[in-house]
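Down below is the structure, laid out as structure tokens.
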Amino acid sequence: MVYRLMPIRYSIPLQAVRKVEDCPSALNVLAAAAPDWLRSMAAPDWHDRYDRRVEEMRLPETGPKRDAYVVQVGTDGYRLLDALAGAGAPADAAALPAVTMLRGVWERHLEQAGDGSDSQPSKGV
């Protein structure tokens, strides 16, 4: 599946930016539970993006750079959730608490386009 970044027409609240920490948390749990599977499906740039905690990074306070970051992490999270729902995913990995939390946060705070190819913040954030 191809994912693409779409422009955002409105600003994302800082509280939503902080919720993206759920994606690296799920990745850390999966790295321990299914390291070979995660290594095989992870995008090469995920290490650059998720090796540090959000609290240790300087995220833009407002504007297009922050919005683009949230959309990118949202897209990565959907890519991970789609892979966990697909064939070849480790048994029971989708039921891990960190993955369940990720799914719930993404359903509440992010939306995929109708074709499932991108994500953007939910207007109800």
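Scan region 61-96 for residues that are farther than 16 Å from residue 40 by Cα and either without any contact (Cβ under 8 Å) to a residue 40 or more places away in the chain or of a type in the set (Val, Ile, Thr) (or both) and jot them down.
Matches in region 61-96: 62, 65, 70, 71, 73, 75, 92, 94, 95.
Hey, can you tell me all the residues within region 78-96 that are under 15 Å from residue 31 (Cβ atoms) and part of a helix (DSSP H, G or I)?
Matches in region 78-96: 80, 83, 84, 93.
Do you know which residues across region 31-62 are more than 15 Å from residue 93 (Cα to Cα) and either in contact with a Gly (Cβ under 8 Å, 6 or more places away or on another chain) or at pLDDT below 75 (or both)?
Listed by number, the residues that qualify are 52, 53, 54, 55, 56, 57, 58, 59, 60, 61, 62.
Find the residue count for region 88-119, including only residues that are touching a Leu at 6+ places or on another chain (Cβ under 9 Å) and modelled with pLDDT of 80 or more.
9
The values are calculated or read from the model by the stated rules, or taken from the named source; none is laboratory data. These numbers come from a predicted model, not from an experiment. As a convention, Cβ positions derive from the backbone with ideal geometry for all residues, glycine included, and neighbour counts pool all protein chains shown.
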